[in-house]
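To start, the structure itself, in C-alpha cells.
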Amino acid sequence: MTWMSWRQVRSGAFAAFGILVAIVVTLGFTGVHLSNLYADYRSCSGFTCGSSFNAVTRSYHHVRWVGALLILVPAFVGIFWGAPLVARELETGTFRLAWAQGVSRERWLTSRLVVSGVVSAVTTGALTFAFTWWAIPIDRLQHNRLAPSVFAERGIVPVAYALFAFALGTAVGTVLRRTMAAMAVTLVGFTAARVVTQIYVRPHLLSPLTKVVPLNAQLGIGIDRTTAGLHLVPDGTPKLPGAWVTGNRIVDSAGHGPTTAYVNHACQSLLAHTPPPGTGGPGPKGRPIDGPAFQAMQECLNNLSARFHEVVSYRPASRFWELQWLESAIFLGAAALLVSLSVFWVRRRLV
Amino acid sequence: MSSALTAAGLGKRYGRKWALRGCTVEIPDGHVVGLVGPNGAGKSTLLNLMVGLLAPSEGSLEVLGRRPAADAEQLGRVGFLAQDAPVYGSMSIADHLRFGAHLNPRWDAGFAQERLDALDLDPKQRAGRLSGGQRAQLALTMALAKRPQLLLLDEPVAALDPLARRDFLATLTSYVAEHGISVVMSSHLLADLERVCDYLLLVSAAQVQLADEVEELLAHHRRISGPRRDLSTLPADQQVIWQSHTERQTTAVIHLEGAIHDPAWQVDELSLEDVVLAYMGGGAQAPPSRPLLGVAR
C-alpha cells in the first residue's frame, strides 16, 4: 500500500522537490556570502560599522521573498495534496477500485495520509530549515524573530501549519466530495486559522513580562501637540532586544494615565515653544526640536517622571522556541483531530 | 452448501428514497448470476452493498458467509468491477497491476501478465488513454488476478462494442469454467446473460422480483394463449405473471408447478428474455399481495 500511496503523490512530490532544491541551492550560496558580511560587521570598527550593518540587513532583498513563500507553502500543501487526497477518488469513481482491493479502507487512508503527510512535512521542513539558517545574520542584527510576520517564517511552526493545512484539506475533501470546493474551503479555513491564531491566540500563549521604565530615560517618549495642549505617546520600541512588545502605557502608581491638563501644567515652557497644529511651527511631529525647545522637553519629562512611568509588557527573545513549540502543538493537535474526522468519515459516513 | 449471497430484509435508503427494500434472497455458491432489472431498480446498489462500498440502511447481508468488507481477508475474497470500470488515468497499466499485487495477498502476477499479452496491451500505456473495451479488460484482469471466490460485475459490457463484448465474456466464461468461482453480473443485455448465466436475479422497483436457476425458470414458466376468459379460474399451482386480453383472445405468462391439462390453451415455452420481460412488464399492474416467486429456495 505504501508503494501505491507514493505512486499517487509522486509527480507532485518530484515537482516540489525540484523547486525546493533550486531554492535551497540559492539560499546556500547567498547564505554563505551573508554570513561573511556578518563576520565583517562583527570585526568592524568606527565608521565602517554603519555600512557593514546595512550590508547584512539590506542585501539580498529578492531572496527574502522565500520568507513570503514560506507563508504560502502550507496553504499549497493543503490545497494540492490535502484536498484531492480523498475527494478526487470520490469524484472520479476510483474509490470503487481502491476500496475493493484486499486492504481495508482504514489502512488505505492511513497509508495515504502518512506518505503524503511525510512528503508535506519534509518539503516544508527543509525549506524552513534552509531559510532559518540563511536568515541567522539578519535576525542577529534586527532582533525581531518574535515579530508576528517573522515568527511564522522561522523554526518549526511552518511544518505544523503545513500538516494542519494537509489534514484540513483531506477532511474537507472527504466531507464535501468535491476537489475544487475542498480546495477553496481549505484556503479560506487555513487562512482564517492562521489569522485568528496570530491575533487572538499567540498573545495568550506566554504570560507577559513587564518592565517599568522612567520617562526621562531617553527612550524617546513622544509628545503630541494638539489644539487642546500636549499629550504623551508611549515609546513603541523600548530597548528590549528581540522582545515582542504587546503593551505599552504611561501610568502613575495608581495605574492612571496623565490628563492633558496635567501635562500642560507640567510642561508649560514646552507648550510655549510649540505652537498649535496648523501654524507651521516646530514640534515633535514636525522637524526635530532643538535648542530651547529641546531644553523644555527635557524639563517636561523630568517633571512628569516625578509621578509617571512607562510600563511595557513583552515576551523576551529567549522564549522564541517555547512559543514555537506551543503554537506548533496547537496546530498539530488540530491536525490530529481533523485526521480522526477523516478516518471516521471514510469508515462510517462514506457508505 | 454455502451461499454466495444471503440477504434478509435488506434495504438501502438515499435520503428519503429507498433504492432497495425488503430484499430477502439466498443464492447458493457456484453460480453465474445474471442481475437484471430496469434502470434505477437497485442493481448497482445491491452490488455496492455486496462489496461493502455501501452499508445497509436496514436488514442484514452476508456475502460468502460474512459481512461485506468485514476485514482485509473478506475484501480479498470478493472481486469487484465497478460500473464504467474506473481506473487511475495518469497511471500506466503496469502501475495498476503493481497496485493490485501490493494490495492483494493472493495476487496472481503470472495470470495478469498472460492476460495482458493475450490482449496485446502495452504495460507502459497510461490507463487514461485506453479505449472503453481495453479499460474494462484491465479492470477485469485486476478483479480476476486477485483470485476472488466471488466476482461482482456492474454493467461490465454496457459501454463495449459487440466485438469487445464478445472478448470480455469469453475471458469471463473461460475463467469461471476453469476456477469454478461464483459470479454476479448485472446487465441490460439479456441475450448476453442468457449465454453466460445459469441463475437469474431480477430486481425491479427496489424489490427482488425473482431469483432462481435459469433452468428452473424456463421449466416453470409458459406462455398460454386461447379464447378470451377470466384467468382467476386457473388451477391453484398456476400463477399469472402477465396477461393481455383482446376482444376474443387471452394471452398470459404463468408460473406453474405441474403440467397444463386444459386443452383450450396453446402452450409455448419461453426464452429467458421473455420471462424477464413478463416480470418487468407485469410489475406495475400486479396487485401488491402477489407473492414473490422463487425466493429463498
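A short reminder: the numbers here are calculations on the coordinates, not readings from a lab. Please read these numbers as outputs of a predicted model, since none were measured by experiment. Virtual Cβ from ideal backbone geometry, glycine too; neighbours counted across all protein chains shown.
If we count every other residue with Cβ under 13 angstrom of A:Pro148's Cβ, Lys/Arg +1 and Asp/Glu -1, where does the sum land?
Details: positive: A:Arg145, A:Arg154, A:Arg194, A:Arg202, A:Arg315; negative: A:Glu153, A:Glu327.
Cβ neighbours under 13 Å give a net charge of +3.
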In range of the label at B:Arg106: residues from region A:97-135 whose backbone nitrogen is under 12 Å from the point 7 Å along Cα→Cβ: A:102
Helix B:93-103 axis, angle to chain B major axis (alpha carbon atoms, nearest 10°): 80
Under 21 Å from the Cα of B:Lys12 - lysines, other chains or at least 8 residues apart: B:Lys43
For a label point 7 Å along the Cα-to-beta-carbon line of A:Glu91, residues of region B:90-111 with backbone N under 19 Å: B:90-91
Ranked list, fewest to most other Cβ atoms within 10 Å of each Cβ, for B:Glu62, B:Glu269: B:Glu269, B:Glu62
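R0 = 35 Å: FRET efficiency of A:Gln198 with B:Asn39, Cβ-based, nearest 0.05? Mind showing how you got there, number by number?
Working: r = 54 Å, r/R0 = 1.55.
Computed FRET efficiency for A:Gln198 and B:Asn39 comes out at 0.05.
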Amide proton proximity set for B:Leu152, modelled H, under 5 Å, gap of 5+: B:Gly79, B:Phe80, B:Leu81, B:Val184
Nearest-ten-degree value, helix A:2-42 long axis tilted from longest Cα axis of chain A: 30
In sequence order, calculated HN-Hα J values of region A:133-145 (Karplus, 6.51, -1.76, 1.60; Hz; x Gly/Pro): 4, 4, 8, 3, x, 5, 4, 5, 8, 8, 6, 9, 5
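First check a/c for region B:106-160, with a ≥ b ≥ c the square roots of the eigenvalues of its C-alpha gyration tensor; if it is under 1.5, answer rounded, and if not, answer prolate when a/b is larger than b/c or oblate otherwise. Mind dumping the intermediate values first?
On the way: a/c = 2.23, a/b = 1.09, b/c = 2.05.
Cα axes put region B:106-160 in the oblate bin.
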Phi to ³J(HN,Hα) by Karplus 6.51 cos²θ - 1.76 cosθ + 1.60 over region B:67-76, Hz, x for Gly, Pro: 5, x, 6, 4, 7, 4, 5, 5, 4, x
Cβ-based exposure ranking for B:Glu155, A:Glu299, in which fewest neighbours within 10 Å come first: A:Glu299, B:Glu155
With Cα atoms, 0 to 90° folded angle of helix B:132-145 axis to chain B main axis: 80
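Rounded, prolate or oblate: pick one for region B:3-216, where a ≥ b ≥ c are the square roots of the eigenvalues of its C-alpha gyration tensor, a/c under 1.5 means rounded, and failing that, prolate if a/b is larger than b/c, else oblate. All intermediate terms of the calculation are to be shown ahead of the outcome.
Values: a/c = 1.67, a/b = 1.51, b/c = 1.11.
Taking the square roots of the gyration eigenvalues as a ≥ b ≥ c, region B:3-216 is prolate.
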Per residue convex hull volume, Cα atoms of chain A, in Å³: 180
For chain A, calculated [θ]222 nm from helices alone, where every DSSP H run of n ≥ 4 adds -39500 (n - 2.57): -19500 deg cm²/dmol
Partners for A:Lys211 among lysines (Cα-Cα distance below 27 Å; same-chain residues under 8 apart left out): A:Lys239, A:Lys285
Two-site FRET efficiency, A:Gln298 against A:Arg249, from Cβ-Cβ distance with R₀ of 22 Å, rounded to 0.05: 0.50
Estimated distance in nm for a label pair at A:Val32 and A:Val122, the labels positioned 7 Å out from Cα along Cα-to-Cβ: 2.6
Distribution of pairwise C-alpha distances over the protein assembly as shown, 20 Å bins, in %: 15, 31, 23, 15, 11, 4, 0
Centroid-to-centroid separation of region A:145-216 and region A:13-60 [C-alpha atoms, Å]: 27
Label-to-label distance, nm, for residues given as B:Asp198 and B:Arg229 (7 Å Cα→Cβ offset): 3.8
³J(HN,Hα), Karplus 6.51/-1.76/1.60, whole Hz, each residue of region A:265-273, x for Gly, Pro: 5, 6, 10, 4, 5, 5, 4, 5, 7
Paramagnetic reach from B:Lys124 (point 7 Å along Cα→Cβ, amide N under 15 Å) across region B:80-98: B:92-95
Label-point separation in nm, A:Trp321 to A:Val114, each point 7 Å along Cα→Cβ: 2.9
Compactness of region A:1-152 - radius of gyration and Dmax, Cα, Å: 21.3, 75
Under 29 Å from the Cα of B:Lys124 - lysines, other chains or at least 8 residues apart: B:Lys146
Signed unit charges on C-beta, dipole axis of the protein assembly as shown, positive-most listed residue A:Val24, B:Leu49, B:Ser174: A:Val24
Calculated FRET value between A:Lys211 and A:Ala184, using beta carbons and R₀ = 45 Å, to 0.05: 0.50
Dipole magnitude of chain A, debye to nearest 20 (Cβ charges: Lys/Arg +1, Asp/Glu -1, about Cα centre): 1300
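Using only alpha-carbon positions, what ratio does the radius of gyration of region B:84-194 give when scaled by 2.2 N^0.38 Å?
On the way: Rg = 13.3 Å, N = 111, 2.2 N^0.38 = 13.2 Å.
Expressed relative to 2.2 N^0.38 Å, the Cα Rg reads 1.01.
Order these by the 10 Å Cβ neighbour count, fewest first: A:Met183, B:Met142, B:Met50. Display every interim value, and only then the final one.
Working: A:Met183 21, B:Met142 28, B:Met50 25.
Ordered from fewest to most neighbouring Cβ atoms within 10 Å, A:Met183, B:Met142, B:Met50 come out as A:Met183, B:Met50, B:Met142.
Rounded to the nearest 20 debye, what is the charge dipole size of region B:89-205 about its Cα centre when +1 sits on each Lys and Arg Cβ and -1 on each Asp and Glu Cβ?
On the way: 12 positive and 14 negative charges, 78 e Å.
For region B:89-205, the charge dipole is close to 380 debye.
For every helix of n ≥ 4 consecutive DSSP H residues, a contribution of -39,500 (n - 2.57) applies; sum these over chain B, divide by its total residues, and give [θ] at 222 nm rounded to the nearest 500 deg cm²/dmol.
-9500 deg cm²/dmol
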